[in-house]
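One structure is given here, and the rest of the page talks about it.
The values are calculated or read from the model by the stated rules, or taken from the named source; none is laboratory data. As the structure is a prediction and not an experimental result, all values here were calculated from the model. All Cβ positions, glycine included, derive from the backbone under ideal geometry; neighbour counts span all protein chains shown.
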Amino acid sequence: MNKLILGRYFPGNSYLHHLDPRAKLVAAIYFIGLLFLAENVLSYLWLFAFTMMLMWMSGVSFSTYLKGVKPLIWLILMAVFLRILFTGGGTIYYSKGPLMISSFGLLLGFYTFSRFVMIIFVSTVLTLTTKPIDLTDAIDALLKPLRLLGISTADFSLMLSISLRFIPNLLDETQKVLDAQRARGVVFGEGHLIEQMKKIVPLIIPLFASSLKRAEEMADVMEVRGYQSGQKRSSFRQLKWKACDTLSMVIMCALTIGVIILNHF
Amino acid sequence: MEQYPILSVDNIFYRYDLRDEKYVLSDTSFDVMRGQWLAIVGGNGSGKSTLARLIVGLASPESGSIQFNQEEVNEQNKQRLREKIGIVFQNPDNQFIGTTVQDDVAFGLENLNIQYPEMKQRVFTALKQVGMYELRDKDPSQLSGGQKQRVAIASVLALKPELVIFDEAFIMLDPKSRRELLKLLKSLQKQNHLTIISITHDYNETVLADQVMVLNDGRVVDQGSVRAVYNRNKDLEPPFAEQFRRELMRKGFSIPDHYMSNDELVAWLCK
């Protein structure tokens, strides 16, 4: 659990930390789209440079970002090798049956690799510099148009924020149950696979039971504090769009123009 | 001030399951006047918490009625009536809805669709009242049980209710902060005519109440002023001063044989 870098927030005071979460979320999604617009090595390098700059601006060490890529590296490498081995065209260096290594294949392999890595880097920059709750607000704000279709987006974002709020509680509780079972003589992480899986059962059941009980109590509390699904609510957390947020949007446009120009070289 | 009671519980019967023979509450009736502090005491399983749930409309009695401001609490109006009734439960962890202290206090206000400037002011006032203002940006994992309990109390106070029910809400607090909060509630009761129902195990807490109600096995056994209830029920574990008085009497001191408050006891001892 602690190994996962993607999705974690690092408190800090950088320019990126102060941007409006909506601006960051839109920019990150836009950037991922932009990755598919790049057509040659130059434009990829251009986007790479931009990603590096973001990572440097976030004030978080480069090794942290590498840790974010690590759990996914085999998936990425597999995608890259498939690309290399099954793409023909250009100069062919080696071929056997349907497999071949060609200059086109190598190039596409490089593109695939860059796309994956940049998607991870940029989304890591987003989550490292934005509090989960701010991100929830941003998602809520972006989903607002759906309200016109009668979909209750407020319920969805409340659900998200409550889940986020209970992650530490659930971890705590898991630890407690784990300790309680250990005190009763269960040894975790020993024996063959089936045995280990069996030991998880007395862990899961108390956790489920307590989660259900907690959910029921919380529902009561929410009800007595006047929560009603689909009812109009005001919001205590206020998002403020500042000049620097507009500036970041302008930068994204400039980045796009750069990609379009570089695509012609 | 109005003459009718703010809360009137009339002959209610309640059981969790219709197949159960035994009622959790049977033939329970009592009135609470506006601005009064009623303490409900009773052992485990005496139906105290169930009573609280019935008052806020989380459950409905099988027969009998509960009236708040002369209006019967039912499915249709409970949402509206609840804007005036607050309740603080026992477990502070499961009462924390927001991600931070101030978000949690704001939750109820957001539900009432109160606009930001007023909401902010009410959240801050409530947090200052319970002494949690400095910790307003903290998330629940950084707080102790007592601090979470204070937040739960602030969340209810921010809603400016007319009646607040505390369902064993003070157990997580250390003695000092418990005294402080009880003092705060007493002053809110005096100044804002807040009506308080406190359900408690702690007999020392009943000293501040105007009325004490003893619940046993789902029935109201006794109700009256603190003085009267402790005079009549010698088997009830009394507050500290009364305990002390009874002990003195047992040791053969010629102390008056009736309930004495802290001040009275001190006055008598200093004579």
Item to complete: Determine if the stretch B:227-240 includes at least one residue that is touching a Ser or Thr at 6+ places or on another chain (Cβ under 8 Å) and within 30 Å of B:Phe96 (Cα to Cα).
Response: no
Discussion item. Of everything in the stretch A:97-128, what is of a type in the set (S, T, N, Q), within 23 Å of A:Ser63 (Cβ to Cβ) and crowded, with 19+ Cβ neighbours inside 10 Å? Give them in sequence order.
Written reply: A:Ser114, A:Thr124, A:Thr127
Worksheet item: How about the stretch B:4-52: which of its residues are closer than 18 Å to B:Gln90 by Cβ and of a type in the set (D, E, K, R)?
Response: B:Lys48
Practice prompt. Would you be able to say whether some residue in the stretch A:7-19 is touching an Asp or Glu at 6+ places or on another chain (Cβ under 7 Å) and surrounded by 15 or more Cβ atoms within 10 Å (Cβ to Cβ)?
Written response: yes
Worksheet item: Quick one: which helices (runs of 4 or more DSSP H) sit completely within the stretch B:78-136 and have at least 2 residues that are in contact (Cβ under 8 Å) with a residue 12 or more places away in the chain, surrounded by 19 or more Cβ atoms within 10 Å (Cβ to Cβ) and not charged (D, E, K, R)?
Response: B:101-111, B:116-129
Item to complete: Kindly indicate which of A:Lys232, A:Lys198 is more than 8 Å from every other protein chain (Cβ to nearest Cβ) and either assigned to a loop (DSSP other than H, G, I, E, B) or exposed (fewer than 15 other Cβ atoms within 10 Å of the Cβ) (or both).
Response: A:Lys198
Practice prompt. Go through (1) at pLDDT 85 or above; (2) among the hydrophobic types (A, V, I, L, M, F, W, C); (3) not in a helix (DSSP H, G or I) and name the single condition B:Ala228 misses.
Written response: (3)
Worksheet, complete the sentence: Okay, helices (runs of 4 or more DSSP H) sitting entirely in the stretch A:70-179 with 3 or more residues that are under 22 Å from A:Phe10 (Cβ atoms) and among the aliphatic types (A, V, I, L, M), I get A:103-129, A:132-143
Practice prompt. With the condition kept exactly as written, say whether any residue in the stretch A:235-247 is outside any helix (DSSP H, G or I) and more than 26 Å from A:Arg8 (Cα to Cα).
Written response: no
Response to the item:
Of the residues in the stretch B:126-137, those that are out of contact with any Phe, Trp or Tyr (no Cβ under 6 Å at 6 or more places or on another chain) and either on the phi > 0 side of the Ramachandran plot or within 14 Å of chain A (Cβ to nearest Cβ) (or both) come to B:Ala126, B:Gly131, B:Arg136, B:Asp137
Worksheet item: Hey, among the residues in the stretch B:232-260 that are touching a residue at least 24 places away in the same chain (Cβ under 8 Å) and exposed (fewer than 15 other Cβ atoms within 10 Å of the Cβ), which one's nearest to B:Met213 (Cα to Cα)?
Response: B:Glu237
Worksheet item: Restricting attention to the stretch B:88-99, does a residue exist that is hydroxyl-bearing (Ser, Thr, Tyr), modelled with pLDDT under 90 and more than 19 Å from the chain's Cα centre (by Cα)?
Response: yes
Discussion item. On the basis of being surrounded by 16 or more Cβ atoms within 10 Å (Cβ to Cβ), touching an Asp or Glu at 6+ places or on another chain (Cβ under 7 Å) and assigned to a loop (DSSP other than H, G, I, E, B), does B:Gly64 make the cut?
Written reply: no
Practice prompt. Could you please find all residues in the stretch A:252-265 being touching a residue at least 24 places away in the same chain (Cβ under 8 Å) and part of a helix (DSSP H, G or I)?
Written response: A:Met252, A:Leu255, A:Thr256, A:Gly258, A:Val259, A:Ile260, A:Leu262
Worksheet, complete the sentence: Result of the Cβ filter at 7 Å on the stretch A:18-46, keeping first residues that are in a helix (DSSP H, G or I) and partners that are aromatic (Phe, Trp, Tyr), at least 6 apart or interchain, is A:Leu42/A:Phe265; A:Tyr44/A:Tyr111
Worksheet item: Can A:Leu25 be described as surrounded by 19 or more Cβ atoms within 10 Å (Cβ to Cβ), closer than 30 Å to A:Pro132 by Cβ, of a type in the set (A, V, I, L, M) and within 17 Å of the chain's Cα centre (by Cα)?
Response: yes
